[in-house]
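Worksheet: one structure, shown below.
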């Protein structure tokens, strides 16, 4: 019984390290998104950190339009980044979970 417990603890620690490594790697995964007409382009990491925003000159003339473009395009980019983030971290967590009776929520 103790061996099983120690094995599970070791596996959990190993999984925790893999999750941290995956989070670091996701800082290098870039997600690009742009408005439908290409006037606004944003780049985020898969950890949802904004890396760049490119704004077409024509959008600088209308503050309200620029704000709308930013909201729509950033939300789409964040949604893409979140899907990548959750898929990657979920796969690591699922793979590393020990078999604990009654704890099959990740399977």
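Read-outs throughout are calculated quantities, based only on the coordinates presented, and are distinct from any laboratory measurement. This one's a predicted model, so the numbers in the text were calculated from it and none came from an experiment. Backbone-built Cβ (ideal geometry, glycine too); neighbour counts: all protein chains shown.
A few notes on this one:
- For the range 2-96, averaging the sequence separation of C-alpha pairs within contact (under 8 Å, six or more residues apart) and dividing by the residue count gives a relative contact order of 30 percent.
- Packing rank of 39-51, 13-25, 81-93, where each peptide gets the mean count of other beta carbons within 10 Å, highest leading: 39-51, 81-93, 13-25
- Computed label-point distance, nm, for sites residue 41 and residue 55 using a 7 Å Cα→Cβ extension: 1.7 nm
- Segment residue 67-residue 27, length gained on full extension (0.36 nm per residue, minus Cα span): 11.8 nm
- Cβ-based exposure ranking for 52, 35, in which fewest neighbours within 10 Å come first: 52, 35
- Where N is the number of residues in the range 2-96, Cα Rg divided by 2.2 N^0.38 Å: 1.53
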